[in-house]
Amino acid sequence: MPNKTIKQNTETYIKWIQRGNTYTVPTVWSFVFFDMPSSEFTRRIRLHRNLRRTGCTMHSQSVYCMPYSTSTHKTIKKLDNSLTAVQVIADEEQAYDLAETYADFIDSLFLEIEEKVEELEDARAIAGDNASRGYTKRYKKMHERIDRIRDILELFPSEEAHTRLIGMETLVEQIHEREQGTA
């Protein structure tokens, strides 16, 4: 694997090639730790969702990680007062392992959104005023999801994921341009 250190957004990264694509692998990561009793189930679930929404992936039980950026690190710290967020500089092997985990996280986000695209398409195919309101809500939410992935890809650039995102955006717009009640 080529080991070329580059500067990007004032953070240190390593170039990495995998699956025929060049990934820019961060060596600086944010790690988030928390300790909550199981009796606070609802709070744990809300925290899990907020961490994922921010771009964190689960590393191990009650430990999340994401590529470091000053803005996301500050955002993470504000999510809940029980969190401990630290900046970690990973060695090359650790960076590759973390990047692999993060690539899997991005794949899972795409799979979730692809399911939502199917629901959007179904909502567009249904005729009627109530269906139109349901479609509009799904369409707006879809753009929020796409924007979230775009933000995540700024932290973890991937040509393959970027191409996949553009394809998804194109499909969403094609669905939106269809006449209501048509498949």
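The values are calculated or read from the model by the stated rules, or taken from the named source; none is laboratory data. Just so it is clear, the structure is predicted and the values come from calculations on it, not from any experiment. Glycine also receives a Cβ, built like all others from the backbone with ideal geometry; neighbour counts cover every protein chain displayed.
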Flag if Tyr102 is of a type outside the set (D, E, K, R) and either surrounded by fewer than 18 Cβ atoms within 10 Å (Cβ to Cβ) or within 20 Å of Ser30 (Cα to Cα) (or both): yes
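Go through the stretch 64-163 and tell me which helices (runs of 4 or more DSSP H), entirely inside it, have 1 or more residues that are hydrophobic (A, V, I, L, M, F, W, C), touching a residue at least 24 places away in the same chain (Cβ under 8 Å) and more than 20 Å from Asn50 (Cα to Cα).
On the way: elements: 70-79, 92-125, 129-155.
By residue number, 92-125, 129-155.
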Qualifying position, being crowded, with 16+ Cβ neighbours inside 10 Å, within 19 Å of the chain's Cα centre (by Cα) and at pLDDT 90 or above, among Val28, Val63: Val28
Subset tally (residues that are part of a loop (DSSP other than H, G, I, E, B) and either without any contact (Cβ under 8 Å) to a residue 40 or more places away in the chain or in the same structural domain as Ile106 (by TED's automatic domain parsing) (or both)) for the stretch 23-63: 4
Lone qualifier among Asp147, Asp151 - being under 30 Å from His73 (Cα atoms), surrounded by fewer than 12 Cβ atoms within 10 Å (Cβ to Cβ) and either of a type outside the set (Lys, Arg) or in the same structural domain as Thr54 (by TED's automatic domain parsing) (or both): Asp147
The stretch 66-97 - residue that is of a type in the set (Gly, Ala, Ser) and buried (at least 18 other Cβ atoms within 10 Å of the Cβ) and, of those, farthest from Ile146 (Cα to Cα): Ala90
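Being within 24 Å of Cys56 (Cα to Cα), of a type in the set (Val, Ile, Thr) and crowded, with 16+ Cβ neighbours inside 10 Å is the requirement here; does Ile166 meet it? Give the derivation first.
On the way: within 24 Å of Cys56 (Cα to Cα): yes; of a type in the set (Val, Ile, Thr): yes; crowded, with 16+ Cβ neighbours inside 10 Å: no.
Here the answer is no, as Ile166 does not meet what is asked.
So that you can scan it fast, the table gives a plain yes or no per residue for (1) β-branched (Val, Ile, Thr); (2) over 27 Å from Glu160 (Cα atoms); (3) modelled with pLDDT of 90 or more; (4) touching a Gly at 6+ places or on another chain (Cβ under 8 Å):
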| position | (1), (2), (3), (4) |
| --- | --- |
| Thr10 | yes, no, no, no |
| Gln18 | no, no, no, no |
| Thr22 | yes, no, no, no |
| Pro37 | no, yes, no, no |
| Ile45 | yes, yes, yes, no |
| Val88 | yes, no, yes, no |
Any hit, the stretch 78-90, residues being among the basic types (Lys, Arg), in the same structural domain as Arg46 (by TED's automatic domain parsing) and in contact with a strand residue (DSSP E or B) (Cβ under 7 Å, 6 or more places away or on another chain): no
